[in-house]
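Since every read-out is calculated from the coordinates, none of them should be taken as a lab result. This one's a predicted model, so the numbers in the text were calculated from it and none came from an experiment. Here Cβ is always computed from backbone atoms with ideal geometry, including for glycine, and neighbour counts include all displayed protein chains.
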Amino acid sequence: MIEWMQTHRKWLVITIWIATIAFVGAGFVGWGQFQFGKKTSTIAKVKDTEITIQDWQNAYNNLFDRVNQQLGGKLDEATAKKLGLQKEALDIAIQQGILRQYAKDLGLYVTDNDIAKKILEVFKNKQNYENYLKNTGQKAKDFENNLRKQLLVEKLLKYLNLKPQKTEIMTIASALYNADNLDIKVINKNNIKVDVDENEIKKYWEKNKNKYLSQNQYKIMIETIPLEGDVSEEELKKYYNENKLNYKNEKGEILSFEKAKNQVKIDYLAHKLKKKAIIAYKNLKNSKGNYKIITVNENNKLIPFDKMQILKNNGYLKPFVYNQQYITAKLIEELKPTPLPFEKVKNIVIKDYINEMSSKKLIEIANKALQNFKGKNIGYVTKYDFNKIKNLPPNLAEMFLMNVFISQKPKSVIFLPNKNNPEYAVLYNIREQKLLDEKEYEKNKKLVYNLTQSVINNELYNDLLNKLKNKYTIVKYIKDNG
């Protein structure tokens, strides 16, 4: 196995998760979608190494914390379930079990002294350690058993760690910091003049009129009942006293009657007129009552957007209070969009016409200019030197360089952000190439070394796991019902 690991190397960058020693006290999540076997404390077994539900929980806690950080602290359990973190954590826990078993087979083990050293390194003294156990509700035996497992994996990975060879480092460095000596010319679409002819604009509209449609409209029956009527001060005070918890300021303090009076009146009238509104709704369903027939867009001032969605889906709208009146409605017909008259959309059509014609002209001009291209020399650039590209926004300059370095053509034109609707055309010619920009490499030597080490060890880790999965019998005592 060791001989296989020393010779089996592929150049493939992968992403892995290696267990870290995380001293975080967290409660158990629900494993409702999983069915456990008889021995619920053990979820799987690799040869004679057991993977416990606590191992699974620890893997889940670490994974949840990592994803939560990536999402800016907005991850909740429901989202975690949708993302499949429970299943991923189970896979991680089993992977760690496989590595522990392999470490045992190699004769590796963790001593009590190793445990004590790590505890002292993290907690500094015994008092801090005991306080931590007390605060997180853990027993020293359980904590140290979990730590022993993690340190065993850590020992294995340290034992297997490969140091990159010079050729490997330089291969990665060349991929990162190869450089081209470029001549470039930037053509901006905004500098291209397009003649606007009325007849051509109309032809363009005729050809594309289905792009310029009216909004969806809805023919509806609607009845409104204004919140009006005479009410006494006594009635309002009585209603306020019965419902005063509904009237609070931003701090959550109950408003006085005088401060809440206007809203109290609206609410009281809504309460009094509710029966009348329900009757109007029932009549409207049968096309009876004091309704009006009107046509409205999805976005209108009479009915809020969310209520329009209900009306569209259900065909009816139960009474609700809006703008100091009850509103109830019934959908008669949905009117599909139709092409708008030319005069109504003329300005938009002109803008689209100019954009399309200038894009076509840009492509023509750039392709023609490429035949006898003489650009400005910007010297040697790597794929990271977007600040050397003038007359382009930084994001497009970066996109341009990335395209140059993946292109097989020494001389070409790149349209940005894309060829379908370009804003810029950048012509380029590669005069010379360097497999490695020595200055950039020297500035980032440590980074390149670490990246190379990560690449070869990540691939080793990945291949090792696949090899061990075939070597060991893995028994699961858990079934996914999700």
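The table below lists the values:
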{"quantity": "Gained length - K368 relative to L71, 0.36 nm times residue gap less alpha-carbon distance", "calculated": "102.2 nm"}
{"quantity": "Pairwise centroid distance, computed over Cα atoms, of segment 383-452 with segment 132-166, Å", "calculated": "43"}
{"quantity": "Label-point separation, K104 to Q309 (7 Å along Cα→Cβ), nm", "calculated": "5.5"}
{"quantity": "Sites excluded, GluC sites (Glu not before Pro) in DSSP loops with at most 16 other C-beta within 10 Å, longest stretch of the chain", "calculated": "1-227"}
{"quantity": "For segment 69-88 and segment 192-243, distance of Cα centres in Å", "calculated": "39"}
{"quantity": "I474-S174 FRET efficiency (beta carbon distance; Förster radius 45 Å; 0.05 resolution)", "calculated": "0.65"}
{"quantity": "Pair K207, N283: separation of 7 Å Cα→Cβ label points (nm)", "calculated": "5.7"}
{"quantity": "Sites K272 and K292 - FRET efficiency at Förster radius 22 Å, r taken between beta-carbons, to 0.05", "calculated": "0.40"}
{"quantity": "Of K189/K211; K47/K124; K117/K139; K275/K330, those spanning more than 30 Å from alpha-carbon to alpha-carbon", "calculated": "K47/K124"}
{"quantity": "Whether segment 207-282 is rounded, prolate or oblate, judged on the alpha carbon gyration tensor where a/c under 1.5 counts as rounded", "calculated": "oblate"}
{"quantity": "Computed lengthening from T136 to E250, 0.36 nm per intervening residue step minus Cα-Cα distance", "calculated": "37.4 nm"}
{"quantity": "Kyte-Doolittle at least -1.0, axis length at least 27 Å by Cα - qualifying DSSP helices, the chain", "calculated": "85-105, 140-160, 257-285, 342-371, 445-471"}
{"quantity": "Entries in K104/K479; K411/K439; K219/K312; K272/K307; K383/K419 that, when Cα-Cα distance is taken, lie over 18 Å", "calculated": "K104/K479; K411/K439; K272/K307; K383/K419"}
{"quantity": "Residue-averaged 222 nm ellipticity for the chain, from DSSP H runs of 4+ at -39500 (n - 2.57), nearest 500", "calculated": "-16500 deg cm²/dmol"}
{"quantity": "Contour minus Cα-Cα distance for D183 and D230 (0.36 nm per residue)", "calculated": "8.6 nm"}
{"quantity": "5 Å binning of all Cα-Cα separations within segment 285-330, expressed as whole percents from 0 upward", "calculated": "5, 20, 33, 30, 12, 1"}
